[in-house]
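Scroll down for the structure; my scribbles are underneath it.
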Amino acid sequence: MLRETVFMITVTLSDKKFNEKASAYIVLLTQDEVKDGVRSGAADVLQALWGDEEAVFKAHGFTGKNGSSVFQVGYHKEKAVPVVCVSLGDPSSSDDAVEDVRRACGTGYNLLKKTKAETISVLLPDAKTVGTTQSNLVEQATTIFHIASYAYTEFKSGGSAKKDTPWQPTIVLSGINKKHEKDVKRAEIIATATNTTRGFADCPPNIMTPQELADQAKKVAKDHGLTYTCFDQEKAKELGMGCYYSVAKGSSNPGQFVTLEYKGKKGAPTIAFVGKGVCFDTGGISLKPANAMSGMKYDMSGAAAVIGAMKAIAQLKPDVHVVGITPLVENMPSACASKQDDVVTAMNGKTVEIINTDAEGRLILADALVYAEQTFKPEAIIDIATLTGACAYFLGSFYAGLFTRDDALAGTLTSIGKKVGDKLWQLPLSDQYAPALDSPIADLANCGNQVYKAGATTAALFLGNFVDKKTQWAHLDIAGTDSKIPGTTYLGKGATGTGVRILVEYALSYGGK
Ligand code: BES
Ligand code: ZN
Ligand code: ZN
């Protein structure tokens, strides 16, 4: 069984703006509409259910501030139906009007949770009003209702959401032509895979060990026709993965090195995704303090994102050969653990002095990157990792760090991130910082000299030592975006599945879909 708890919703389309049979309604409005009169279509819905919508707005003091909402029961043929209006504020002055739509959908969904409505008719704004296409609007709304419906309840017993019948509403996107059904389908595949990733990441680390995550990847592969290979830490050592092994050997749960492959058409170009899979990061011998250690089950979020992305790619079938590589370990302090001052050798022969055992992510990624290049010779590699506190500290929760020397790749990934609502911000990968990684006795230190500061950049530069300069390569630091996002309506308390949507869209764009 997949260890995910996904409350499946269904999204459908209807040409009609007013669906009389719906058991609840969500209507998205702009501030101007709240003030000066609601657009036709939306007005028809509200007048049919509420009578005078302006009177309802007034009674609730609803002025249409971005994100604000009104919940008011309406009547249709003497039946009471909950109606929610959520305002987008002024889309023309918003720096991300489509994100406002996502959040408004989340607000509407949350407000209707307690009603357990079976069918929710949703009236989105005109795509032009929020500066996007109808296809993207449909994709974003579909995605967000799926993401909002996720709840991690695997370990709740007695009276929990799990034991109650889960709420599984049908969402009808109203006034939308059926030709957009393909957009719904595509979004559904990607959003469901995002929820799969979230289920892996939210799972506690005593359960989601390297072996368990490998088994989950194997299950995904079996269900969707991917090739699965796995070897353990001893085999990795034989292959020369001294950096990976130095982390894996500290735990009694042996490291597993997993590769998923989507073959695509014969002769298709190859791209590789590499995800950091530290199933728990104690810091190792350089032990983290207790409050910095809690939440470190999420340190496998990069690997979980790669597995989720591979699941969606297998279903969407782009014309590209995609390899997903996930080095899985636990970073533990033990009698077998690496020590500060140890020197280890990576698969490409470079030696690394371990300055801090808590900088373990870059060690396991170093060998995974070399393995990706040597084994598959990809045109492009994207790695994704909860790599540095420095990145999370700087960018917070709304942007992941993007590091690349390739301007075209930076542009592609940044615009994909903006489109799908999983945003990236490019940070420097300049060689001026490279001396921060000098070691007096080895080729490299695993931790940047503090005099240079810029911890997220020095970590990215470290990884750059394990990728051929000719390969298109980007590193995504998701340390701040993997979990516990404040102030967003559609994400719960736990994992976000960050990166899945980006990796999938990237593979689709590479494979001409
Ligand atoms: N997994 C952490 C990074 C992290 C920190 C992720 C906070 C999410 C939230 C990583 O392995 C780590 O410990 N990095 C160190 C590196 C340092 C020792 C050079 C860090 O960022 O402090
Ligand atoms: Zn660490
Ligand atoms: Zn870590």
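Considering only 59, 400, 254, whose Cα is most displaced toward the positive end of the charge dipole of the chain, charges sitting on Cβ of Lys, Arg (+1) and Asp, Glu (-1)? About the Cα centre, the residue reaching furthest to the positive side is 59. Modelled spin labels at residue 223 and residue 93, positioned 7 Å past Cα toward Cβ, are 4.6 nm from each other. With 0.36 nm allotted per residue and the present C-alpha distance subtracted, the residue 170-residue 235 stretch has 18.5 nm of extension available.
DSSP beta bridges fully contained in the chain are about 40 percent antiparallel. Sorting 510, 371 by solvent-accessible area of protein heavy atoms yields 510, 371, largest first, with a 1.4 Å probe.
Note on residue 408/residue 133: beta-carbon distance plugged into 1/(1 + (r/R0)^6) with R0 of 22 Å gives a FRET efficiency of 0.45.
Rounded to the nearest Hz, the phi-derived 3J(HN,Hα) couplings of the stretch 270-286 under the Karplus curve 6.51 cos²θ - 1.76 cosθ + 1.60 (θ = phi - 60°) are 9, 10, 10, 10, 10, x, 5, x, 8, 5, 7, 10, 7, x, x, 4, 7, where x marks glycine and proline.
For the chain, a crude dipole built from +1 on the beta carbon of Lys and Arg and -1 on the beta carbon of Asp and Glu, taken about the Cα centre, is about 1220 debye to the nearest 20.
Across the protein chains, with a 1.4 Å probe defining accessible surface, the residues 262, 452 rank 452, 262 from largest area downward. Using C-alpha pairs under 8 Å with a sequence gap of at least 6, the mean separation divided by the residue count of the chain gives a relative contact order of 15 percent.
For the stretch 387-513, the convex hull drawn through the C-alpha positions has a volume of 113 cubic angstrom per residue. Using the structure shown, list the pairs from 219/493; 17/419; 113/182; 179/222; 77/116; 65/513 with a Cα-Cα distance above 29 Å, or answer none. Going by Cα-Cα distance, 179/222; 65/513 fall outside the 29 Å limit. Across the stretch 187-196, coupling constants 3J(HN,Hα) worked out from phi with the 6.51/-1.76/1.60 Karplus curve, θ = phi - 60°, read 5, 4, 4, 5, 5, 5, 5, 4, 5, 4 Hz, and Gly and Pro carry x. So for the stretch 411-513, taking the charge dipole from beta-carbon charges (+1 Lys/Arg, -1 Asp/Glu), which of 497, 471, 440 sits furthest toward the positive end? With unit charges placed on the Cβ atoms, the residue in question is 497. Taking all protein chains as shown and a probe of 1.4 angstrom, residue 92 keeps an accessible surface of around 110 Å².
Of interest is the spacing of the C-alpha centroids, which for the stretch 27-93 and the stretch 320-340 amounts to 52 Å. Label sites at residue 418 and residue 351, each approximated as a point 7 angstrom past Cα along Cα to Cβ, lie 4.7 nm apart. Solvent-accessible area assigned to carbon and sulfur over the stretch 375-463 amounts to 57 percent, based on a 1.4 Å probe.
The convex hull drawn around the Cα atoms of the stretch 80-231, when projected onto a plane and averaged over every direction, covers 12.4 nm². Per residue, the chain exposes 39 Å² of accessible surface when a 1.4 Å probe is rolled over the protein heavy atoms with every protein chain present.
If you wrap the tightest convex hull around every Cα atom of the chain and split its volume per residue, you get 150 Å³.
Residues whose amide H comes within less than 5 Å of that of residue 26, counting only those at least five positions distant or on another chain, are 84, 121, 122, 123 (H built at 1.01 Å from N in the peptide plane). The calculated FRET efficiency for residue 47 paired with residue 114, based on their beta-carbon distance and R0 = 25 Å, is about 0.45. Taking only the alpha carbons of the stretch 378-458, we obtain Rg and Dmax values of 14.1, 46 Å in that order. Overall size of the stretch 233-392 from C-alpha positions, given as principal axis extents largest first: 48, 33, 28 Å. Computed over the stretch 337-432, the alpha-carbon pair-distance distribution with 10 angstrom bins reads 13, 36, 37, 14, 1, each value a whole percent.
Site pair residue 431 and residue 55 shows an inter-label distance of 7.4 nm when each label is modelled 7 Å from Cα along Cα→Cβ.
Taking every protein chain into account, the 1.4 Å probe leaves residue 473 with about 10 Å² of accessible area, to the nearest ten. How far is helix 97-112 tilted, in degrees, relative to the longest principal axis of the Cα atoms in the chain, given as a value from 0 to 90 rounded to the nearest 10? Once rounded, the angle reads 70 degrees.
In the stretch 1-135, the alpha-carbon atoms span a convex hull of 133 Å³ per residue.
Summarising the amide proton neighbourhood of residue 11: residues at separation of 5 or more, or on other chains, whose placed amide H is nearer than 5 Å comprise 171.
A cut-off of 5 Å between modelled amide H atoms, ignoring neighbours fewer than 5 places along the same chain, links residue 272 with 323, 380, 381, 382.
The values are calculated or read from the model by the stated rules, or taken from the named source; none is laboratory data. Keep in mind it's a predicted model, so treat the numbers as computed, not measured. Note that each Cβ is placed from the backbone with ideal geometry, even for glycine, and that neighbours are counted across all protein chains shown. Each accessible area value is taken on the protein alone, full model and side chains, heavy atoms only, with ligands, DNA and RNA left out. Shrake-Rupley method; radii C 1.70, N 1.55, O 1.52, S 1.80 Å.
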